[in-house]
1. Can you pull out the residues in region 1-55 that are under 23 Å from residue 74 (Cα atoms), exposed (fewer than 12 other Cβ atoms within 10 Å of the Cβ) and either of a type in the set (Lys, Arg) or modelled with pLDDT of 85 or more (or both)?
2. Determine if region 84-96 includes at least one residue that is crowded, with 17+ Cβ neighbours inside 10 Å, under 20 Å from residue 41 (Cα atoms) and touching a residue at least 60 places away in the same chain (Cβ under 8 Å).
3. Could you say whether any residue in region 109-126 is surrounded by fewer than 22 Cβ atoms within 10 Å (Cβ to Cβ), in contact with a helix residue (DSSP H, G or I) (Cβ under 7 Å, 6 or more places away or on another chain) and either of a type in the set (Val, Ile, Thr) or closer than 22 Å to residue 154 by Cα (or both)?
4. Which of the numbered conditions does residue 99 fail, given that it passes all the others? Conditions: (1) touching a helix residue (DSSP H, G or I) at 6+ places or on another chain (Cβ under 6 Å); (2) buried (at least 21 other Cβ atoms within 10 Å of the Cβ); (3) among the hydrophobic types (A, V, I, L, M, F, W, C); (4) at pLDDT 95 or above.
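The values are calculated or read from the model by the stated rules, or taken from the named source; none is laboratory data. This one's a predicted model, so the numbers in the text were calculated from it and none came from an experiment. Heads up, the Cβs are rebuilt from the backbone with ideal geometry, glycines too, and the neighbour counts pull from every protein chain shown.
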Amino acid sequence: MTPQTLENPISAATFDRAIWTPLLELSAREVFEIMLYTRLPLFGASAEKHVGEFTALVGLAGSLCGVISIRCTEQAARVMASKMLGISPEEVDNDGFDALGEIANMIAGNFKAKLSGVGNHCMLSVPTIIVGSDYTTRSLTGENTIEVVLDFDDKPLWVTLELHD
C-alpha cells in the first residue's frame, strides 16, 4: 500500500479491504490484550448478524470519515466492564457499560494510528452507546464497510468500520 499523506488523503477511493481488514482486526486484538489481558481469536462458529444488545459507536472525521462500531451481547459487555473496573460481572451497573465505549474509542485510535498520514488529521467523536437489539442501521455507503467477528469469552464481538466519502 502506498503511504497516505495529506497530499494523498485516505478516502473511499483509496479504501483497500485487503489491507484494512487485518489492520482493524489487529487494532481490536491489541486493545483487548493490553486493556483486558484477553486474546481475541476469530469467532469460529457462525454468528447471527448483529444480535448483540450493546453497541458502541465512535465517529471519525477529518482525513478519514466514517464510524467504527463494536457490538456485543450484554454478558460480553459486562465481562469487559468487569475486567476494566476490577469488579465481578454481576456488579456492573449501567455506568459500567461506558467501558464498551472506551474500548471502541481505543480501537478507533489504534486503527487510525496504523494508517500513515491519518493519525493527527483525523478526530474521534465521543463514544455513543446504544442499548437494545431492536434496531437497524443504514449506512450511506454500502461497499466501503469492513466487519470482523472476534471471539470474546465464547461470544461474538462484531467490530465494524464504515467509511464515508
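1. 34, 37, 39, 41, 42, 49
2. no
3. Yes, region 109-126 contains at least one residue that is surrounded by fewer than 22 Cβ atoms within 10 Å (Cβ to Cβ), in contact with a helix residue (DSSP H, G or I) (Cβ under 7 Å, 6 or more places away or on another chain) and either of a type in the set (Val, Ile, Thr) or closer than 22 Å to residue 154 by Cα (or both).
4. Every listed condition holds for residue 99 apart from (4).
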